[in-house]
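Undergrad: Handing you a structure now.
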Amino acid sequence: MKKTVQQGAGKNEERSSAETRKRVIAAATKLFALRGIEAVSVRDITQAAGVNLAAINYHFGTKQALAGEVFKHFIDPLNARRLQLLDDVEKNAGRQPCALEAVLEAMIRPAVELGFDQRQDNETFLRLTGRCLSEPNAEIDQIIRAHFEKLIRRFDAALLRALPGLDPEELFWRIKFMVGALHYSLLTCGKQKNLPAKLRKTLDAEGLIQRLVTFTAAGLRASVSR
């Protein structure tokens, strides 16, 4: 009987610990998205989450490590979906280079579908995506980059095979332009009230995906003017 009580108490502690961790991540996510990581203090996070400083130290150690967990929570599932789609594209292509549009869709589709998912906190997602592009802290920027390294290697290789005449340096810049177009489009869609009424009626995820794929494919195929 005593052993059963102890086991029950242990499970309750584990559940409480897991819930505390989730509360901290949720609070930090909203604060980081709203203010930027640099502008948020550990005290801000503890107050928003309703926990003490010891909880932050126990679960994460540092604010930088907590930031890493926040981006892992949002970015890793998104990038896993992108890599899964790229796997399918490469499998279908066999030994041939993948079609450019198929590779681009594998990159673009998961982000757009997530941005349009009404079950998600879209504004927080979009703001956090912006932080990925503009975070000034070098240490945190390195943490964020770690979540994209595998993705970048895989998509760079697939795009260079699809565009054998394109220089890797030029590809670097064109991917930057693609990411900028993707992010700004999602931000625009997140503020639909600012769009003309006619566009609001016709706006959907599939339409935006196809527009972005067509636009970025044309940019990637364009000749380089020296």
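Undergrad: Would you mind checking which residues have amide H under 5 Å from Asn137's amide H? H placed 1.01 Å from N; only 5 or more apart, or other chain.
TA: It is none; the list stays empty.
Undergrad: Right, here's the next one. Under the 0.36 nm per residue contour assumption, what length would be gained going from the current alpha-carbon distance of Thr214 and Gln47 to full extension? Please list the in-between numbers first.
TA: Working: separation 167, 0.36 × 167 = 60.12 nm, distance 4.62 nm.
Full-extension gain reported as 55.5 nm.
Undergrad: Could you give the length gained by full extension between Phe177 and Ala26, i.e. 0.36 nm per residue of separation minus their alpha carbon distance, to one decimal place?
TA: Values: separation 151, 0.36 × 151 = 54.36 nm, distance 3.08 nm.
Length gained, Phe177 through Ala26: 51.3 nm.
Undergrad: Ignoring ligands, DNA and RNA, what percent of the 1.4 Å accessible area of segment 124-176 is carbon and sulfur? Present the calculation step by step, with values, prior to reporting the outcome.
TA: Details: 1690 of 3060 Å².
Here carbon and sulfur together make up 55 percent of the probe-accessible area.
Undergrad: Under a crude label model (7 Å from the Cα following the beta-carbon direction), how far is Asn137 from Ala222 in nanometres?
TA: Distance between label points: 3.6 nm.
Undergrad: Then there is this: Which trypsin sites (Lys or Arg not before Pro) from segment 31-106 combine a DSSP loop assignment with at most 10 other Cβ atoms within 10 Å?
TA: Within segment 31-106, the qualifying trypsin sites (Lys or Arg not before Pro) (loop, at most 10 other Cβ atoms within 10 Å) are Arg95.
Undergrad: Additional query: Is there a quick way to get the dipole size of segment 30-114? I mean about its Cα centre, with the Cβ of Lys and Arg at +1 and of Asp and Glu at -1; what is the value in debye to the nearest 20? Numbers along the way, then the final one.
TA: On the way: 10 positive and 10 negative charges, 52 e Å.
Its charge dipole is roughly 240 debye.
The values are calculated or read from the model by the stated rules, or taken from the named source; none is laboratory data. Please read all numbers here as calculations on a predicted model, not as lab measurements. Positions of Cβ are generated from backbone atoms using ideal geometry, with glycine treated the same way; all protein chains shown enter the neighbour counts. Side chains are part of the model used for accessible areas, which takes the heavy atoms of the whole protein and leaves out ligands, DNA and RNA. Shrake-Rupley method; radii C 1.70, N 1.55, O 1.52, S 1.80 Å.
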